[in-house]
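One structure below.
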Amino acid sequence: MCRGARATFMKTSIAIYPGSFDPVTNGHLDLIGRGEKMFDRVIVAVLKNMEKEPLFSVTERVEMLREVTKQFPSVEVDVFQGLLVDYARKRDAAVILRGIRAVSDYEYELQMALMNRKLEPRLETVFMLPGETYSYLSAKLVREIAQLGGPLTGLVPPLVEQGSGPNWPQPPPKAVLSFQAVLD
Ligand code: PNS
């Protein structure tokens with residue numbers, strides 16, 4: 001690649017915020033808001049992973065993300081498959097944006113960032129800290145709480161809390177609850 005083309009690539013202020021977003025949480029949304037202030041454009045890229053059994057379909061996740069990010073005109077929601085670096089090249093992005101909540105995230109994120117750098121040295125990973133209110137929040141815990149009928153208020157946007165997906169767990173019917181109370 002010629003020098004000029006390389007410089008253009010490096011200067012692009014397009015950041016990709018990749019993830020599973022199953023479902024989008026208030027922590028994700030907080031990070032999108034921070035990224036949106038820093039970059040000209042943020043592409044929230046939902047991984048279409050054939051191996052994982054998701055709670056929400058990719059279409060549902062994209063719809064929810066589009067709805068909750070519509071307040072940010074420079075944020076786009078897209079789907080990607082395959083290597084993230086290939087997708088970043090396709091979208092002319094120079095940055096991968098990732099959130100680090102705690103030290104426990106660091107090892108995995110470091111490994112991924114360094115591997116992505118090995119695959120595409122021109123791509124930089126930028127880590128941002130979500131608001132400390134969300135430091136304990138993860139989509140995995142949200143799925144677990146929902147499956148056990150716990151409250152999701154404050155953890156996910158209201159739209160997600162209402163849950164439109166066929167797999168989104170419904171609270172157990174009252175009859176089952178009272179039967180359980182007898183057993184206990
Ligand atoms: O929110 P997640 O599930 O932690 O996001 C992980 C994600 C989507 C960023 C990661 O799995 C990914 O980039 N997958 C795409 C395949 C790829 O490029 N793998 C090599 C990463 S070093």
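At-a-glance table
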| quantity | calculated |
| --- | --- |
| Relative contact order %, region 65-167, counting alpha carbon pairs below 8 Å whose residues are six or more apart | 24 percent |
| Net lengthening on full extension, Glu161/Glu124 (0.36 nm per residue, minus Cα-Cα) | 9.9 nm |
| Residue order, fewest to most beta carbons within 10 Å, for Met115, Met50, Met64, Met128 | Met50, Met115, Met128, Met64 |
| Footprinting exposure proxy for Arg41, Arg66 (fewest neighbouring C-beta atoms within 10 Å first) | Arg66, Arg41 |
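Computed from the coordinates by the stated procedures, all read-outs in this text should not be read as laboratory data. No experiment lies behind these values; they were computed from the predicted model shown. In this analysis, Cβ positions are derived from the backbone assuming ideal geometry, glycine residues included, and neighbour counts consider all displayed protein chains.
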